[in-house]
Ligand code: HPA
């Protein structure tokens, strides 16, 4: 069976229990991925793992080579991608400590290489992106969360911002009016590129802070860090359950 790929985000630099059997430095027509792709085994299952910020984490969200990352995973035969994303919570139910399996996206990013379509084929690539996440993979994640008794939000709208700065409170209010439930910086163009490659893609978001203007404190990375460490452990538990049920 072809391996599932995991794209780790902030706070998920490795997968505990993942036995690395190989590392693949891959060159793609779009350059090199954030780091060599790790091929490993978690229990009986083979898996591909890529930390999108590089390792040790250093590449900021607007500098990540999303095209190379997705291309490389696809060329290694990934059957799908589960992306891990740290986010701020906008809707009241999206409290720090929550896991969210989003179902929709609003894209506010700009200036990123967001398509494989360079006009090279002489045909236009208007992919259907009505449902940005793969339903089957989302359902598997939801079932795994239920099976492992992991509290989660079964849906949510992911607002992707450019970063690397955090948002102003007015931007967060606007995003709330737009229907966004959570805000993060790495969900796009990753999801759209996976769609262009017809690679099933779903996301697990870890809410690590109330979005700007919604909490009492100024937002600091250290404040997010503690929640992140706790949530990353739950995400690993979720992934183990997901693989077990495959
Ligand atoms: N905004 C954008 N990205 C984030 C946030 C946030 O509040 N928290 C974690 N990633």
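Every read-out reported here was derived from the displayed coordinates using simple, explicitly stated rules and does not represent laboratory data. Quick caveat, the model's predicted, so the values are computed rather than measured. Cβ atoms come from the backbone with ideal geometry, glycine included; neighbour counts cover every protein chain shown.
Miscellaneous remarks
- Diffusion coefficient, µm² s⁻¹, Stokes-Einstein with Kirkwood Rh over alpha-carbon pairs of the chain at 20 °C and 1.002 mPa s: 119 µm²/s
- With neighbour counts taken as other beta-carbon atoms within 10 Å, the residues 79, 195, 205, 180 rank, fewest first, as 79, 195, 180, 205.
- Listed by Cβ neighbour count within 10 Å, with the fewest neighbours leading, 227, 222 appear as 222, 227.
- Cα centroid separation, the stretch 1-37 to the stretch 219-240 (Å): 19 Å
- Inter-label distance for residue 95 and residue 244, nm, one decimal - labels placed 7 Å from Cα along Cα-to-Cβ: 2.7 nm
- Largest GNM mean-square fluctuation across 86, 148, 68, computed for the chain with C-alpha springs under 10 Å, falls on 148.
- Within the stretch 134-161, backbone nitrogen closer than 16 Å to the virtual label 7 Å beyond the Cα of residue 230 toward Cβ: 150-153
- Separation in nanometres of the label points that stand 7 Å from Cα toward Cβ, at residue 220 and residue 110: 3.2 nm
- Take every pair of alpha-carbon atoms less than 8 Å apart whose residues are at least six positions apart; their mean separation over the length of the chain yields a relative contact order of 26 percent.
- Residue exposure proxy: 49, 129, ordered by other Cβ atoms within 10 angstrom of their Cβ from fewest to most, comes out as 129, 49.
- Euclidean distance of C-alpha centroids, the stretch 172-205 and the stretch 104-155, integer Å: 7 Å
- Computed from Cα atoms alone, the Kirkwood hydrodynamic radius reported for the stretch 153-196 is 11.3 Å.
- When shorter helices are ignored and each DSSP H run of at least 4 residues is given -39500 (n - 2.57), the per-residue value for the chain at 222 nm works out to -8000 deg cm²/dmol.
- For the chain, built as a Gaussian network whose Cα springs stay under 10 Å, the top-fluctuating residue of 170, 144, 212: 170
- Most fluctuating residue given options 190, 92, 167, as computed from a GNM of the chain linking Cα atoms under 10 Å: 92
- Prolate/oblate/rounded call for the stretch 127-246, Cα gyration tensor, a/c under 1.5 rounded: oblate
- Virtual spin-label span in nm between residue 121 and residue 143, 7 Å along Cα→Cβ: 3.1 nm
- Using distinct alpha-carbon pairs, which all enter the 1/r mean, Kirkwood radius of the stretch 78-134 in Å: 14.9 Å
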